[in-house]
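The structure under discussion appears below in the form of structure tokens.
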Amino acid sequence: MDPILLYSQARQPSAPPAFAALEPWHFHESLPGYAPTPLVERPGLAALIGAGKLWVKDESHRFGLKAFKALGGTFAAAMAIAGRLGLEGPLTYEALRRPAIQKEIARLHFITATDGNHGRGVAFTARLLGARSHVLMPRGSSQRRLENIRQFTPDAEITDLSYDDTVRLAARIAEEKGWLLLQDTAWEGYTQIPDWIMAGYFTLCREAALQLNGEAPTHIFLQAGVGSFPAAAAEYFSRCWQAPPQIWLVEPHGADCCFRSLKAGRRVQIREEMHTVMAGLACGTPSLTAFPVLRARLDGAVSCPDEATALGMRLLAAPIRGDTPVISGESGAVTCGLAALALADGHEEEAAALGLDASSRILVISTEGDTDPEHYQSIITGGELSSCPAWKGRSL
């Protein structure tokens with residue numbers, strides 16, 4: 001198995017907060033089908049991997065979409081609509097459903113590029129709010145993920161381009177046609193909507209903090225694509241408790257643009273082909289506005305092999321000592337797998353660098369369920385748990 005790579009950094013607690021004035025949960029609470037997703041404690045799994053406690057925020061229940069992404073998409077779309085139509089007053093679903101407003105929304109057309117979950121969230125959002133949407137996916141995207149998106153819009157397709165080039169194509173089409181680009185990564189001249197998307201993820205974080213009922217984790221591990229989700233979560237969680245937890249970003253070796261960028265002290269683009277089973281994390285460039293937050297709020301970043309997420313998926317799926325199983329997909333389980341690997345025999349250096357030991361209280365976010373069920377089943381039934389020596393040959 002390839003080694004786990006770590007980069008630690010000094011946090012900047014004096015940095016000003018991002019998106020401080022936005023409280024997206026008021027809008028989310030007005031949406032049909034909204035409910036807080038479960039926070040599942042896994043005492044059996046915590047004991048198995050050698051931690052004190054392990055909580056899993058299970059986003060497979062979000063809006064029936066099996067992923068968290070619609071939180072960002074719904075809030076950003078609503079903010080964009082309000083801005084374009086000059087709406088005032090509280091932003092709620094009911095306000096956007098007024099007949100006069102619906103007539104205007106019906107003329108709007110969203111477009112985005114996606115590896116899967118974000119695009120499904122945008123298509124879901126457009127249909128929910130009464131707009132139209134067009135979704136582009138990079139080459140190599142799963143046909144099943146494309147079909148998932150087409151449940152909400154017929155205008156979805158897989159391109160022959162890389163992820164970053166697909167984003168550029170979506171931006172060009174939006175400019176040419178006058179459509180609204182709803183992208184979760186920012187660049188020069190395009191920052192407002194990505195910031196609203198990041199703010200939308202605060203709802204997930206607020207739910208988790210309330211569900212912990214005052215008990216603070218010592219460690220939070222957050223997976224990254226372009227960095228928008230971990231930036232939002234790190235911003236929120238770094239201010240939740242008097243003794244802030246350690247907050248680490250986790251990426252696959254094959255698509256670790258945020259890890260490379262944090263080490264370099266500047267945004268780095270991955271130009272080579274990205275190979276990882278974690279399709280939702282296969283992004284080549286950190287978001288412009290997320291990156292400064294990652295530098296200010298994280299304790300460090302981890303680049304890990306795909307075996308980490310395979311291990312996490314299998315551990316979360318198993319009812320260990322009576323634990324409630326969690327269905328966690330390739331991009332959702334990597335943080336749990338990383339914690340299990342770091343605490344395993346032979347990884348004492350990694351555990352020490354992360355500050356993990358038998359007393360650690362770990363919070364992970366399972367950002368997706370089995371969004372590609374066939375691929376999910378092929379991994380969790382794939383035999384031994386990991387090529388890590390401490391887990392090799394073990395079964396659950």
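Details
- Trypsin sites (Lys or Arg not before Pro) restricted to region 38-105 and DSSP loop, no more than 15 other C-beta within 10 Å: 97
- For the chain, the share of accessible area belonging to carbon and sulfur comes to 50 percent (1.4 Å probe, ligands and nucleic acids excluded).
- Simple spin-label estimate for residue 12 and residue 358 in nanometres, 7 Å along Cα-Cβ: 4.0 nm
- Per-residue extension of 0.36 nm, minus the Cα-Cα distance of residue 263 and residue 381, leaves a gain of 38.9 nm for this segment.
- P(r) histogram, all alpha-carbon pairs of region 120-214 included - 10 Å bins from 0, percent: 14, 39, 33, 11, 3
- Calculated accessible area for the chain comes out at 38 Å² per residue, all protein chains present (probe 1.4 Å; ligands, DNA, RNA ignored).
- All distinct Cα pairs of region 242-396 go into the 1/r average, and the inverse of that average, the Kirkwood radius, is 16.3 Å.
- Per residue Cα convex hull volume in Å³ - calculated over the chain: 128 Å³
- The value for region 168-213 of Rg(Cα) / (2.2 N^0.38 Å) is 1.58.
- Note on residue 103: lysines with a C-alpha under 29 Å away, same-chain residues under 8 apart excluded, are 69, 177.
- Modelled this way, with points 7 Å down the Cα-to-C-beta line, the labels at residue 35 and residue 165 are 4.4 nm from one another.
- Highest mean packing first, where packing is the average number of other Cβ atoms within 10 Å per residue, the peptides 331-337, 161-167, 321-327, 248-254 line up as 331-337, 248-254, 161-167, 321-327.
- A straight Cα-to-Cα reach below 18 Å connects residue 53 with the aspartates and glutamates 41, 215, 323, 357, residues fewer than 8 places away in its own chain not being considered.
- Shape category assigned to region 35-94 from the gyration tensor of Cα positions, a/c cut at 1.5: prolate
- Global geometry of region 1-113, whether rounded, prolate or oblate, following the gyration tensor of its Cα atoms and the 1.5 cut on a/c: prolate
- Label point distance in nm, residue 243-residue 211, each placed 7 Å from Cα along Cα→Cβ: 2.4 nm
- Whole-angstrom gap from region 30-46 to region 53-121, using each part's C-alpha centre: 20 Å
- Computing FRET efficiency as 1/(1 + (r/R0)^6) for residue 97 and residue 26, where r is the C-beta to C-beta distance and R0 is 22 Å, gives about 0.85.
The values are calculated or read from the model by the stated rules, or taken from the named source; none is laboratory data. Computed from a predicted model, the values in this text were never measured in an experiment. Note that we place each Cβ from the backbone using ideal geometry, even for glycine, and neighbour counts take in every protein chain shown. All accessible areas refer to the heavy atoms of the entire protein, side chains included, with ligands and DNA or RNA removed. Shrake-Rupley method; radii C 1.70, N 1.55, O 1.52, S 1.80 Å.
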